[in-house]
Every structure is written in C-alpha cells, then in structure tokens.
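The values are calculated or read from the model by the stated rules, or taken from the named source; none is laboratory data. For clarity, every value in this text was computed on a predicted model and none was experimentally measured. Every residue, glycine among them, receives a Cβ derived from its backbone with ideal geometry; neighbour counts consider all protein chains shown.
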Amino acid sequence: MNRRRIEMAAIAMTALALAGCSAGVAPASSLLDNEQTAEDRVEVATVFDTSGFDPETTRLVGQHDDVSFYFVINAEGESGEKECLLAVPASEQDWLGLCNGGGEGSGAGIGVGSFRYGFGGVASAGLTEDEVAVGDYVIVVVDG
C-alpha cells in the first residue's frame with residue numbers, strides 16, 4: 001500500500017514539474033510591466049531620430065558578441081508591426097530594427113551572424129551546435 005502511494009506521489013510531482021516547464025516564457029510585451037532600467041536604455045540617438053521607436057519602451061533581452069538585443073515598441077507601426085527587435089552593436093555605428101513580431105534576420109552588418117527571434121519566446125531546447133540562445137527571445141547562429 002505504501003509503495004502505491006509513493007508511486008502516485010512521484011507521478012504527481014513529475015506532472016507538476018512538467019507543467020511548470022511547459023508553461024513557457026511570458027510574451028516580450030510583459031517586459032513593459034517592469035520599469036525601464038539603465039541597461040534597458042539605448043543611447044544611440046539615430047535609432048530614435050530615424051524611426052518610430054519609442055525610447056521609453058526599450059528593454060534589453062540579451063547580448064551576444066558585443067551586440068545588444070532590445071524589445072522596443074514602434075509607435076508608428078501598423079497592427080502586427082508594433083513589437084520590434086532592435087539590435088545595437090557596441091560601436092553604435094549601425095543598428096538593425098525588425099518589426100514583424102518574429103522570424104529571422106541577418107546581422108552581418110552589425111557584427112553578428114544570422115538570428116531568429118520570437119516575442120512569445122523561442123525554443124532553445126533543440127539548439128544546434130552553431131546556435132546560441134540569447135535570453136528568452138533571440139537565438140543567434142554563430143558563424144564558423
């Protein structure tokens with residue numbers, strides 16, 4: 001009888017653990033629920049001078065090879081194009097903004113290889129050996 005209870009408890013604990021793992025990542029828009037910090041701010045003026053990006057909405061989502069990736073809201077974007085990924089290299093000379101809610105991009109001009117992103121979170125469990133998860137929303141493909 002005790003063995004049966006232990007087995008049932010183990011099954012219940014496994015189910016709870018799996019439920020926690022499959023709950024997923026909060027949408028990137030939930031980052032706006034937190035106050036913007038100093039590391040969330042982008043100091044490159046041309047990013048905001050030449051786009052509809054709202055500087056008060058930038059949130060750092062990760063960094064790789066001297067490139068910082070930010071979630072940002074495009075105040076001038078159409079429906080489905082308001083949530084954007086902003087990639088800014090340390091040199092701050094060039095930057096890349098993508099506003100399609102998720103997909104793939106090429107960061108060759110800013111010093112990082114190709115990458116994919118999704119604002120609902122990206123699955124990092126199946127990474128290949130040339131991929132690196134950068135936070136919860138970006139996966140960078142490392143150039144050989």
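Key figures
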| item | result |
| --- | --- |
| Identity of the residue in the stretch 100-113, more than 13 Å from the chain's Cα centre (by Cα) and not in a strand (DSSP E or B), that ends up surrounded by the most Cβ atoms within 10 Å (Cβ to Cβ) | Val112 |
| Residue match in the stretch 73-80 (condition: under 21 Å from Val25 (Cα atoms) and among the hydrophobic types (A, V, I, L, M, F, W, C)) | yes |
| Cross-chain or 6+ apart pairs with Cβ under 6 Å, the stretch 75-91 first and among the charged types (D, E, K, R), then surrounded by 12 or more Cβ atoms within 10 Å (Cβ to Cβ) | Glu76/Gly52; Glu81/Cys99; Lys82/Ile73; Lys82/Asn74; Glu83/Gly101; Glu83/Phe119 |
| Residue identified as on the phi < 0 side of the Ramachandran plot and modelled with pLDDT under 85 among Gly120, Gly97, Gly105 | Gly105 |
| Search result, residues across the stretch 114-131 that are touching an Asp or Glu at 6+ places or on another chain (Cβ under 9 Å) and either buried (at least 18 other Cβ atoms within 10 Å of the Cβ) or in a strand (DSSP E or B) (or both) | Ser114, Phe115, Arg116, Tyr117, Phe119, Val122 |
